[in-house]
Amino acid sequence: MDFTVNEVRAVRVKGRVTNIPSGQSAADASVILMSEVTGSRFGLHEQETTISDSGAFEFRGIPPGTYVLVATLGELPSDISFPGAGYPGGAILETERFPIPPDNRPLPPRLLAKTSVQIGEKDVSNIELILGTGYKLDGRISIEGNSGPEADAMISGMKIQLMPDPETFESAPLPAKVGAGGVFTINGLVPGQYQIAIMDAENVPFGTYVKSVQLDNMDAINPRLVIRNEPRTLLEIVLGTAVGTVTAKVTDEKQSPAVGVSVVLIPDSPRRQHFELYQSETTEEGGVVAFGDVPSGDYTVYAWANTEEGIWWDPAFLQKYDGLGKPVHVSAGITQTIDLRVLPAR
């Protein structure tokens with residue numbers, strides 16, 4: 001593997017944090033500069049700097065690129081997390097509860113500011129980060145086919161967490177607790193792209209999945225939820241419980257049972273970016289693999305030997321095998337068996 005290192009001119013990035021509440025010091029605020037790359041924050045260029053009493057800040061030695069500047073004032077509660085770190089999907093359902101030590105300290109209102117910065121070969125000056133409380137987003141979560149006290153019991157204890165992309169705790173809004181009727185309110189949103197996590201969903205039936213998330217009648221999973229200004233409509237989250245079962249019998253080119261082969265269920269094109277719908281298993285003795293609790297809908301099933309885990313999330317990889325998988329329609333409560341042949345590597 002060859003690496004080419006190019007010499008570039010590093011520059012300074014300077015600005016000021018404004019709108020500091022009376023009685024608070026600008027020096028208590030935090031400013032972070034990070035690479036504007038979606039996915040995971042780990043391994044990316046990220047730098048924090050100090051702020052003067054007047055609110056002035058400066059970063060030095062910054063290479064060219066597109067960055068995000070985030071300014072915050074105020075603490076985050078202890079129950080904020082990134083459950084889907086590194087996960088490509090737009091929505092995640094966490095059915096386990098992760099105990100967090102209670103933090104009952106009264107926290108002052110949290111203020112945020114965020115802006116994108118394009119850095120070239122010249123210093124960047126006069127950036128103004130105006131602190132504010134951020135946008136408010138009202139929402140509702142429901143479980144398909146359930147309503148009233150039954151639904152309230154299922155959603156009891158749930159929290160909705162929006163995770164900024166690029167991932168950074170600093171610009172994350174506070175988790176929202178779901179109330180009666182499935183309503184919730186998320187405060188402290190700044191413009192950007194978010195991944196949606198439904199946390200502490202321990203009371204939902206086994207096999208429950210995220211069926212849809214919509215804002216302004218637009219899919220908020222594919223692509224991910226994008227906030228540009230304060231939303232005027234509800235974020236509608238629907239959880240599905242209609243599932244079926246698929247069993248696959250896999251053979252090799254000699255028509256012998258294929259053991260140790262990856263079998264993957266991939267949703268149809270309209271749901272291709274709903275990564276929580278993908279399922280994969282490895283064949284055992286007899287070349288058989290079973291998928292339980294598969295959300296209803298259309299899928300294509302593939303069998304691959306010696307395949308890298310998760311490579312099927314790559315559209316370019318799937319395109320090589322277009323038309324070679326086996327289509328299957330999954331219906332609630334129905335078990336079906338299909339025959340598969342191991343696909344040769346391409």
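The values are calculated or read from the model by the stated rules, or taken from the named source; none is laboratory data. For clarity, every value in this text was computed on a predicted model and none was experimentally measured. All Cβ positions, glycine included, derive from the backbone under ideal geometry; neighbour counts span all protein chains shown.
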Take the residues in region 106-125 that are basic (Lys, Arg) and in contact with a Gly (Cβ under 8 Å, 6 or more places away or on another chain), then tell me which one is modelled with the lowest pLDDT.
Arg110
Those residues of region 119-141 that are touching a helix residue (DSSP H, G or I) at 6+ places or on another chain (Cβ under 6 Å) and buried (at least 18 other Cβ atoms within 10 Å of the Cβ) come to a total of 1
Go through region 61-105 and give me each residue that's within 17 Å of Gln161 (Cβ to Cβ), hydrophobic (A, V, I, L, M, F, W, C) and either at pLDDT 85 or above or over 22 Å from the mean Cα position of the chain (by Cα) (or both).
Ala91, Ile92, Leu93
Going by what's in this entry, would Ala180 be described as under 15 Å from Ile141 (Cα atoms), small (Gly, Ala, Ser) and buried (at least 16 other Cβ atoms within 10 Å of the Cβ)?
no
Looking only at strands (runs of 3 or more DSSP E) that lie completely in region 265-343, which have at least 3 residues being out of contact with any Asp or Glu (no Cβ under 8 Å at 6 or more places or on another chain)?
279-282, 288-295, 297-304, 335-341
Just one of the numbered conditions (1) surrounded by fewer than 22 Cβ atoms within 10 Å (Cβ to Cβ); (2) part of a loop (DSSP other than H, G, I, E, B) is not true of Ile221; which one?
(1)
Output the residue which, of all residues in region 153-169 that are crowded, with 17+ Cβ neighbours inside 10 Å and more than 16 Å from the chain's Cα centre (by Cα), is farthest from Ala242 (Cα to Cα).
Met158
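A quick yes/no check of all residues on (1) in contact (Cβ under 8 Å) with a residue 12 or more places away in the chain; (2) surrounded by 14 or more Cβ atoms within 10 Å (Cβ to Cβ):
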| site | (1), (2) |
| --- | --- |
| Tyr299 | yes, yes |
| Tyr302 | yes, yes |
| Thr307 | yes, yes |
| Trp312 | yes, yes |
| Asp322 | no, no |
| Gly325 | yes, yes |
| Val328 | yes, yes |
| Gly333 | yes, no |
| Thr337 | yes, no |
